[in-house]
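The values are calculated or read from the model by the stated rules, or taken from the named source; none is laboratory data. Bear in mind that the values here come from a model prediction, so they are computed numbers and not experimental data. So basically every Cβ, Gly included, is an ideal-geometry build from the backbone, and we count neighbours across all protein chains shown.
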Amino acid sequence: MNNQKETAEQWLIYAIENWKGELTRLRARDTDALFSSFKGNVIDQADSRLKIEIAYAWYGQMIDMGVGRGTRSGEQKAQATERRLIGKFTGNRRQAKKWYSGRNRNGIGYQVTRLGMLMEEIMVTAGIEKIKGSIDQKLVITF
């Protein structure tokens, strides 16, 4: 279990650093409040399971969706089209910056899947070690 906890802690550090890198790459660091709000914790639970908590400023989801500051979720695409075709600037020129839900290696879906793969490798290795230890036993049958 110790090996699992170490892997989870390393994954947590990696995931948070990845998301911070995405915020920097997408230039979504106006005040750095979201950037500095990331916190993570790996907790051992009583039933030998691990719980990973990741906390960040709630408005980080709004940046990811491209809403807020007067722009609603459904209006974003319509406003972009209107600006392109008519040249009017209605509403805010806000764009989604997919630091969290993107379909690339930085998205939460990919990160959680990767953590599952890492934990799977650890469990398979532990299972192989148990089986390997049981093969070395000698069985004698007498009549």
Members of the stretch 20-61 that are touching a residue at least 40 places away in the same chain (Cβ under 8 Å), surrounded by 11 or more Cβ atoms within 10 Å (Cβ to Cβ) and within 19 Å of ASN3 (Cβ to Cβ): ASP44, LEU50, ILE52
Any hit, the stretch 71-91, residues being closer than 23 Å to MET119 by Cβ, modelled with pLDDT under 85 and of a type in the set (A, V, I, L, M, F, W, C): no
